[in-house]
Amino acid sequence: MRFDNQKVLVTGGSRGIGRAIALAFAGAGAQVAIVYRGNTAAAEAALAQLPGEGHIVLAADVADPDAVQSAVDDVAERLGGIDVLVNNAGIGIYHRIAEVSYGEWQRAWRETLAANLLGPANLCYCAARHMIAGGGGRIVNITSRGAFRGEPLKPAYGASKAALNSLSQSLAVALAPHDIFVGAVAPGFVNTELTADRLGSPEGEEIRAQSPFHRVAEPGEVAHAVLFLASRGAEFATGTIIDVNGASYLRS
């Protein structure tokens, strides 16, 4: 899969899955814009790893609608358009319903939905305007296995990802007449900095045993699915949600 001269915006691209996605697109010839929230050092380090030229980094909180619009417009101006949007940025706040206060419960829902659902929705809206003007594009949203099996320790996370799946399919229909194709990738556990503590704990063996491969996904495996959905020739897969969980959860 080649993306020569394609302009790709990846949110949460400074580490983990997002960094792997940015690296994969850059390695396939794309110009990549990494949008990150606050870790400038990590963003600059990720930028330095990208092969090719013309890549940029930009700080923006996806939970802030004004920041989203400004960031998308800035990327489009600096790169000369947006061909692919990957909504990867997201948060997960633990809020066990039987243990947290009502205030903590409300805060978890408010912050999670702002980052994981409203942020991607706003990014889709703003990026789609540039894609329509440019003759089409691709949107890939990173959701989660938890959207299907539930997330009892962080229910707002699971609900936000289920809603993002629904948004992806709604937009696949709404944007098809504009030659904009929308899909989603739903990973299970992935071997990143964010999961290192849990995978290294006694719980890690149980997590790995959820898959018949007896391991979790690597970030590059998620990136591979993203590039497929964004590639030429995958247009008729619009509306698809690809599971990347090593058969740890099978849905009908």
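Things to note:
Let's see how each residue does on (1) touching a residue at least 60 places away in the same chain (Cβ under 8 Å); (2) under 27 Å from ASN245 (Cβ atoms); (3) surrounded by 18 or more Cβ atoms within 10 Å (Cβ to Cβ):
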residue: PHE148; (1), (2), (3): yes, yes, yes
residue: GLY158; (1), (2), (3): no, yes, yes
residue: SER166; (1), (2), (3): no, yes, no
residue: LEU171; (1), (2), (3): no, yes, yes
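- Note on segment 222-239: residues that are touching a residue at least 60 places away in the same chain (Cβ under 8 Å) and among the hydrophobic types (A, V, I, L, M, F, W, C) total 7.
- Selection within segment 132-163 - assigned to a helix (DSSP H, G or I), in contact with a helix residue (DSSP H, G or I) (Cβ under 7 Å, 6 or more places away or on another chain) and not basic (Lys, Arg): ILE132, GLY146, ALA147, ALA156, TYR157, GLY158, SER160, ALA162, ALA163
- Residue satisfying condition, being hydroxyl-bearing (Ser, Thr, Tyr), more than 25 Å from ALA46 (Cβ to Cβ) and in a helix (DSSP H, G or I), within set SER166, SER252: SER166
- Scanning segment 174-214 for residues that are within 17 Å of ARG149 (Cβ to Cβ) and under 20 Å from the mean Cα position of the chain (by Cα), we see that the one that is surrounded by the fewest Cβ atoms within 10 Å (Cβ to Cβ) is THR195.
- Counting only residues that are assigned to a helix (DSSP H, G or I) and either crowded, with 18+ Cβ neighbours inside 10 Å or at pLDDT below 95 (or both), segment 86-112 holds 2 of them.
- Among the residues making up segment 83-104, those that are among the hydrophobic types (A, V, I, L, M, F, W, C) and within 28 Å of GLY13 (Cα to Cα) are VAL84, LEU85, VAL86, ALA89, ILE91, ILE93.
- Answer residue from segment 148-164, given it is over 13 Å from TRP109 (Cβ atoms) and among the hydrophobic types (A, V, I, L, M, F, W, C) and is farthest from the chain's Cα centre (by Cα) among those: LEU153
- Segment 68-85, subset assigned to a helix (DSSP H, G or I) and among the charged types (D, E, K, R), residue nearest to PRO120 (Cα to Cα): ASP73
- Hits in segment 103-147 (condition: under 14 Å from the mean Cα position of the chain (by Cα) and charged (D, E, K, R)): ARG138, ARG145
- Unique match (being touching a Leu at 6+ places or on another chain (Cβ under 6 Å) and of a type outside the set (Ser, Thr, Tyr)) among GLY200, GLY183, GLY204: GLY183
The values are calculated or read from the model by the stated rules, or taken from the named source; none is laboratory data. Worth saying up front: this structure is predicted, and the values here are computed from it rather than measured. Note that each Cβ is placed from the backbone with ideal geometry, even for glycine, and that neighbours are counted across all protein chains shown.
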